Amino acid sequence: MKIFNKFIIALLTIAMCVNFSSCKKDENDTPNKKIRMIVSNSTKYVFTWENEMLKKFRYENLAKDYDHKPASMEITFVYNEEKLISATETTIEENGSTQTYETSFTYSGDKIVGSKSINGNEYNKYDYTYNGNYIEKITGESSDSYTWYSELVWVGDCLTKIQGNNYFIEYSFDNANNPFYSNNNTTLFVMLYLSDYMDLDSYPSKHNVTSAIFKEDIDTLIDTLSYFYDNDNYPSSVTLNGKETFEFIYE
């Protein structure tokens, strides 16, 4: 069960893009490992790196289950030095048709203060309000004039809860290293941007999500994730909701 949508991921990734530190200081930090591939029986995710920057991400539908999923999807990221400028997403559907989405990012100094995703005449745009280096509110607007907001709750350096128009999210974690975390803020943003495209819950921390509780109106959904770890205390595999297992392959 995937509980994230593009608005939630934009919220999470932008929130952690500036001066993020983990919930708990690790005495012996290990070097960040670059994820190269994540594979299950139904899905493959491929990551292409250039130095420290992720240049391309590809999703392949191995199970050919086209219920709300495309046949494949690829995102290419464009940078100016280490600043993320744009992202181009190309999706191929079961019938061979394609769609392209263009996302641009705007800055004030080193902070991302807005983003806009365009597909033809449709768009979604986001504005971010900061309290110091932490985002405390995000407002969004779509091309059909629908508007929404989210307020962020911080406990120390941890974003533990999100309250929106009609939803609420709360997270729990392990103490291991999260392969989607990076000491480079731009890479951190990009990796977590991709969480929307993966059937795995990813939180902007050095540690891995073990449960995510999502409440919307009267509905409550819960993701549980169980890990095995390698010698560097990174996940070597994770089982989502006791059903599908994903293997992690590193560079």
Search the stretch 150-164 for residues being more than 17 Å from the chain's Cα centre (by Cα) and not aliphatic (A, V, I, L, M), and hand back the single one that is surrounded by the most Cβ atoms within 10 Å (Cβ to Cβ).
Gly164
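Whether any residue in the stretch 51-74 is of a type in the set (Asp, Glu), under 18 Å from the mean Cα position of the chain (by Cα) and more than 23 Å from Ser115 (Cβ to Cβ) is what I want to check.
From the stretch 51-74, those of a type in the set (Asp, Glu) are 52, 60, 65, 67, 74; that's our starting set.
From what's left, under 18 Å from the mean Cα position of the chain (by Cα): 52, 60, 74.
Next, from what is left, pick out any that are more than 23 Å from Ser115 (Cβ to Cβ): 60.
Yes.
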Can you go through Lys64, Lys56, Lys34, Lys25 and tell me which one is of a type in the set (Lys, Arg) and either surrounded by 17 or more Cβ atoms within 10 Å (Cβ to Cβ) or at pLDDT below 50 (or both)?
Lys25
Between a residue in the stretch 162-178 that is part of a loop (DSSP other than H, G, I, E, B) and any residue that is modelled with pLDDT of 90 or more and polar (S, T, N, Q), which pairs come within a Cβ distance under 6 Å, given they are 6 or more apart or on different chains?
Ala176/Asn233; Asn177/Asn233
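For every residue, the table says whether it meets (1) under 29 Å from Tyr59 (Cβ atoms); (2) of a type outside the set (Ser, Thr, Tyr).
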position	(1), (2)
Glu81	yes, yes
Leu84	yes, yes
Glu102	yes, yes
Thr106	yes, no
Ser115	yes, no
Tyr128	yes, no
Asn131	no, yes
Tyr134	no, no
Trp154	no, yes
What number of residues within the stretch 206-228 satisfy the criterion of being of a type in the set (Ser, Thr, Tyr), modelled with pLDDT of 90 or more and closer than 29 Å to Thr187 by Cβ?
3
Of the criteria (1) closer than 23 Å to Thr224 by Cβ; (2) modelled with pLDDT of 80 or more, which one Asn51 fails
(1)
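Those residues that are of a type in the set (Val, Ile, Thr) and in contact with an Asp or Glu (Cβ under 7 Å, 6 or more places away or on another chain), I need them from the stretch 62-99; list them, please.
Keep residues of the stretch 62-99 that are of a type in the set (Val, Ile, Thr), which gives 75-76, 78, 85, 88, 90-92, 98.
Once the filter is applied, which keeps residues that are of a type in the set (Val, Ile, Thr) and in contact with an Asp or Glu (Cβ under 7 Å, 6 or more places away or on another chain), the stretch 62-99 yields Ile75, Thr88, Thr90.
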Residue list for the stretch 165-184, restricted to those being farther than 10 Å from Asn208 by Cβ, buried (at least 19 other Cβ atoms within 10 Å of the Cβ) and modelled with pLDDT under 80
Ser182
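Being at pLDDT 90 or above and of a type in the set (Val, Ile, Thr) narrows it down to one residue among Thr147, Thr91; which is it? Steps first, answer last, please.
Working: Thr91 fails: at pLDDT 90 or above.
One residue alone meets the criteria, Thr147.
The values are calculated or read from the model by the stated rules, or taken from the named source; none is laboratory data. Keep in mind that what you see is a predicted model, and the values were worked out from it rather than measured. Cβ sites come from the backbone with ideal geometry, for glycine too, and all protein chains shown count toward neighbours.
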